[in-house]
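The values are calculated or read from the model by the stated rules, or taken from the named source; none is laboratory data. Nothing here was measured: the structure is a model prediction, and the numbers come from that model. Cβ: placed from backbone, ideal geometry, glycine included. Neighbour counts: every protein chain shown. For the accessible areas, the whole protein counts, side chains as well, though only heavy atoms, and no ligand, DNA or RNA atoms are used. Shrake-Rupley method; radii C 1.70, N 1.55, O 1.52, S 1.80 Å.
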Amino acid sequence: VHFIVNPLVQIEKKEFLIKTKTATMGIRGTDFYILLGPDFTDVFVKSGRVVAISHPQPVPQPDSRPQDSPKISKLLKRTAIQAAMNNRVVIRSMEASRLVAGHPPSPIVRLQARHFQVLEGLMHMGLPPKFGDSSNPGELLENISQSDLSSPIPPPPPAPPSNLGPSFPGNGIGGGSGIASPFS
């Protein structure tokens, strides 16, 4: 997903949040990409700044008596706040980081303009069927850029099937204009 967030002076709350299953991000005046993997969120900041927090792993609720629950609840909240502070990262222009639930963010990776060309190509082509193994977002982009699927120019539309006449789209009997609509 590609986001461009422009700060608006008239709005009192100048930051908004994006939540994925593994992270929460606070954004202000930023141009950035998010790539969602099966168990991670990669954040690529082209300009601006993103503050991101990895979600903690779900904590199993202990069996307790009703009179113990406020104490346990308070302890769990305090533990969650401490974990969130340890799992926080600030990603600035031309940087990226990976967020996995229950783990600290990956070290910041410096990016180059070509990395954003790969990301823009993915916006047109979609992700390859398999991302390949990677330990950080920079390595992931390198793996994808070596595939043919990262070209920033989408392929031409396929030719109509040869068994259809000039009525394409349609049943070959007539009445079509020869131009397929997005709903065909």
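Residue pairs whose Cβ atoms lie under 7 Å apart, separated by 6 or more positions or on different chains, with the first residue in segment 129-156 and over 17 Å from Phe40 (Cβ atoms) and the second at pLDDT 55 or above and polar (S, T, N, Q), are Pro152/Gln117.
Only residues that are part of a strand (DSSP E or B), over 13 Å from Val89 (Cβ atoms), open to solvent by 10 Å² or more (accessible area, probe 1.4 Å) and touching a residue at least 24 places away in the same chain (Cβ under 8 Å) were counted across segment 21-32, and they come to 2.
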